[in-house]
Each structure stands twice: as C-alpha cells, then as structure tokens.
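Q: This structure is in structure tokens; I'll ask about it shortly.
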Amino acid sequence: MPETESSTSITIKYKDSATARAIQKSITPDNLGAPDGMHIIASVKKNILEIDIVSDRSIGSLVGTLDDLLSCIQAAERTLEEV
C-alpha cells in the first residue's frame, strides 16, 4: 500500500468561549488514545473550537476517527444542553 498523508480541520463556533472550552475538555481524553500515526490537536480561540487531524494511515482510518470525534462532540453538546 502506498504511503499517504491526509488531514482535515473542523471549526465549530459556539455561543461563548466557556462552551467551546467545555467541549474541548470533553474530547481531550479521546485525543490521547488516538491510534499510532494519527495526530489530533484541539484548540479554542474565543468562542471557536478548532480541531486539526493529521493521519499517515489510510483515508478510511481518518474518516473513522473523524466520525468518532464528531459523535463525542455531539454527546458533549447534548450534555451541556441538559445542564
């Protein structure tokens, strides 16, 4: 299989910086468990959560990681809505 590198970025704008930081903190443990060859960096600037994913694995692996990450973000958003 040829060597590949793929990447994607996600930018999500929240109503305030506290919400963006809460979502960032909720996904941080998932970042630590990223597979080898997968790098995830999440940062907050004001009320914007920015996530960069870089992978030297297959594109399918990147898509799977992105899907998992978006599911975690959605769960965190639902939790914050209920609080």
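Every number here is computed from the coordinates shown, using simple stated rules; none is lab data. Quick caveat, the model's predicted, so the values are computed rather than measured. For neighbour counting, all protein chains shown are included, and Cβ atoms are generated from backbone atoms with ideal geometry for every residue, glycine included.
Q: As I understand it, the dipole of the chain uses +1 on the Cβ of Lys and Arg and -1 on the Cβ of Asp and Glu, about the Cα centre. Which of Ser71, Ser6, Gly60 lies farthest toward its positive end?
A: Ser71
Q: To the nearest 10 degrees, how steeply does helix 59-82 sit against the main Cα axis of the chain, on a 0 to 90 scale?
A: So the inclination is approximately 10 degrees.
Q: Same structure again: Can you tell me the orientation of helix 17-32 relative to the chain, as the angle in degrees between its alpha-carbon axis and the longest Cα principal axis, to the nearest 10?
A: The two axes meet at around 30 degrees.
Q: Using volume of the Cα convex hull per residue in Å³ as the read-out, say which of (i) 101; (ii) 74; (iii) 87 was calculated from these coordinates.
A: (ii)
Q: Treating only the Cβ atoms of Lys and Arg (+1) and Asp and Glu (-1) as charged, compute the dipole magnitude of the chain about its Cα centre; round to the nearest 20 debye.
A: Approximately 440 debye in magnitude.
Q: Let me ask something else about it. Would you work out the relative contact order for region 6-82, in percent, from Cα pairs under 8 angstrom that are 6 or more residues apart?
A: RCO, region 6-82: 37 percent.
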